[in-house]
Amino acid sequence: MQDLETRARDAGATARPSRPSALRRAGRALTPLVWLGPSLVLITVVVLWPVVEMVRTSFQKISSSGVTLGGNGTTNYTDLFDEDDLIPVVLRTLGWVAGIVITTMVLSLAIGQLLNSRFPGRRIVRWTVIVPWAASVLMTSLIWKWMLDNYSGLVNRVLLDLHLIDEPVNWLAHPWQAMLWMMWVAVFVSLPFASFVILAGLQTIPEDVYEAARVDGAGPLRTYFGITLPLLRPSIMIASIINVINVFNSFPIIWAMTGGGPGHSTDTTTTFMYKLAFYDQNVGESGAMAVVNFVLILAMVLMYLRAARWREEVR
Amino acid sequence: MTRPSKETSPAGAARRRPLRLRTALLTAVGWLVAVGFLLPYLQMALTSLKSEKDLTKSPGGYLPDHWTWSNFVDVWDAAPLWTYLRVSLIVAVAATVVTLACALPAAYYTARYRFRGRGAYLLLVLVTQMFAPTALVIGIYREMVALNLTDTLFALVLVNAAFNLPFCVWILHGYFSSIPKELEEAAFLDGAGRVGALTRVTLPISMPGVVTAVVYTFIAAWNEYIVALTVTASPDRRPLTVAVPSFVTQYQAHWQYLFASSLIAIVPVVILFVFVERYLIGGLTAGSVK
């Protein structure tokens, strides 16, 4: 890469033996801006501005109609920390993320392996695994909500026919059951991306590595844990980081299936935040919740990167 | 696709039986997984074909009592579905174009050249990847109010383009980095120039990466929910994701229409995805290697 640049510079130098003029140097310094400019503008205006706006909002008093009434000090934060629901909501969010990401990664390692093995119809199986990725998460959540319906849902019908339950269960009315079912839906919609990243990772492992292991007499288990898993580390890391971010910010599943209810009993930080702003009309406090939410994501991702020794990977 | 010829040697013959058993087992598990992934959507299709009366049965039946194919005709009258489809399509296509226009040059330049601020830029992209519209929805809403852009498609295009940009830069950066620079240098020395080398040499080889970026953005924008829910208000500016759930409210429960319109939204995208599945693996490989 350096080569190309030096060559370009050399070409410029031969064309004009004198020292590059200040204008030329300025031009060279600005070249990256031409290439990166559009993306920088987009990120600044649409991502960074809302971040600033959100932080500002968290320190402002805002009327229910959205008019800024002036500064509010840290009142929004003290109000937020006084909410009885806050601690359970945060703990539930952490459990939600951990449960979903771990389950997704374990299952996607298996599915990725399956999709990488040879068997008749593999192509079609790969296509079906993509479907929940292509489908809207909201619509997928709605069909699960319908399947879990108290009166007419498929889940109750199947369980009744198998005599596993005696009468229909109202799954989504009980906080614990609802939570587990929604976590399952989150795993279901997370699996396609994670499995395909794993599959892509598996395809970069050269066949002769396995050949060598076979020659050395390593069994399938040893081969998997000694060779496949370590070589998959970059893929596992990328899949799980993106999964953590997505799951933390997941909104449609809970919104469609329970709306966070009954009460706040199935809320995570995102649905709680949304309700504060658009139901309780408390935009300032919601801004504070958003800031807390973001700090949580940042902390989790940083902790994760540290644990996974991201720096070494990047280098 | 065939196994190495080694398998047909005498030593391989002894192993053939367990190998066939393995294939049979894999096939069985594979098809089971396939059914598992399709089951909810199959249920969606069956529900969309049930009659209103059929839907209130308890416990619900596995198959429709009357296969009400007319649901797929009536749904177009039950709600302005064309309008919703048009909104979804405009937003998704425009967002994809904007994202690509911004991501391609940035990814290419950072992959090919070292310059001051390169590390900072890549870090910015990595950090931006951690922001999701959901976490920032309050800020986005306040910004759109300030810019007087609430209830416009432009706002949706901007948001979808910006939030999918980091993934695209990252995938394309990985892909461009994996292409040997010698290929390009040849074109460069032939007088093609940087842009010429990019469009004539690098871009065609990078198709898997580009396709992955396009499909990822298109699908994310097509399925985006929370920003559209928050920023749009009038019915003719609502995408399908926001409009479809209103078939089932406190006052009405047209599950058959809800799922008929869901299928109308899902099927074209699934077909699009299936077409590019081959590219997808290549695209994701580049992203995870770099």
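The residues of region A:260-286 that are surrounded by fewer than 19 Cβ atoms within 10 Å (Cβ to Cβ) and either within 11 Å of chain B (Cβ to nearest Cβ) or not in a loop (DSSP other than H, G, I, E, B) (or both) amount to a single one, A:Phe278. In summary, helices (runs of 4 or more DSSP H) completely within region B:177-290 and bearing 1 or more residues that are in contact with a Pro (Cβ under 6 Å, 6 or more places away or on another chain) and within 11 Å of another protein chain (Cβ to nearest Cβ) occur at B:226-231, B:277-289.
In region A:150-191, of all residues being surrounded by 23 or more Cβ atoms within 10 Å (Cβ to Cβ) and of a type outside the set (A, V, I, L, M, F, W, C), the one that is farthest from the chain's Cα centre (by Cα) corresponds to A:Asn156. Do the conditions hold for B:Val75, that is, is it over 24 Å from A:Thr271 (Cβ atoms), at pLDDT below 90, touching a Phe, Trp or Tyr at 6+ places or on another chain (Cβ under 7 Å) and more than 8 Å from chain A (Cβ to nearest Cβ)? Yes. Being surrounded by fewer than 21 Cβ atoms within 10 Å (Cβ to Cβ) and within 30 Å of A:Glu285 (Cβ to Cβ) is true of B:Leu149. Being at pLDDT below 85 and more than 30 Å from B:Gly174 (Cβ to Cβ) holds for only one residue in A:Tyr210, A:Tyr304, A:Tyr274, A:Tyr279, and it is A:Tyr279. Could you tell me whether A:Ala218 is among the small types (Gly, Ala, Ser), assigned by TED's automatic domain parsing to the domain that holds A:Gln113 and closer than 19 Å to A:Leu232 by Cβ? Yes; evaluated as a whole, the condition is true for this residue. Would you check if B:Ala107 is touching a helix residue (DSSP H, G or I) at 6+ places or on another chain (Cβ under 7 Å), within 7 Å of chain A (Cβ to nearest Cβ) and surrounded by 24 or more Cβ atoms within 10 Å (Cβ to Cβ)? So B:Ala107 fails the test.
For A:Ser235, the test of being in contact with a helix residue (DSSP H, G or I) (Cβ under 8 Å, 6 or more places away or on another chain) and part of a loop (DSSP other than H, G, I, E, B) is failed.
Considering region B:45-72 alone, what residues qualify as being more than 10 Å from every other protein chain (Cβ to nearest Cβ) and in a loop (DSSP other than H, G, I, E, B)? Passing the criteria: B:Leu49, B:Ser51, B:Leu63, B:Pro64, B:Asp65, B:His66, B:Trp67, B:Thr68, B:Trp69, B:Ser70.
Condition test on B:Thr96, is it under 21 Å from B:Thr241 (Cβ atoms), facing another protein chain (nearest Cβ under 7 Å) and touching a residue at least 12 places away in the same chain (Cβ under 8 Å)? Taking the combined requirement at face value, the residue does not satisfy it. Residue pairs whose Cβ atoms lie under 6 Å apart, separated by 6 or more positions or on different chains, with the first residue in region A:134-154 and within 7 Å of chain B (Cβ to nearest Cβ) and the second modelled with pLDDT under 85 and part of a helix (DSSP H, G or I), are A:Ala134/B:Phe273.
The values are calculated or read from the model by the stated rules, or taken from the named source; none is laboratory data. Note that this is a predicted model, so its numbers are computed, not measured. Every residue, glycine as well, gets a Cβ built from its backbone with ideal geometry; the counts of neighbours run over all protein chains shown.
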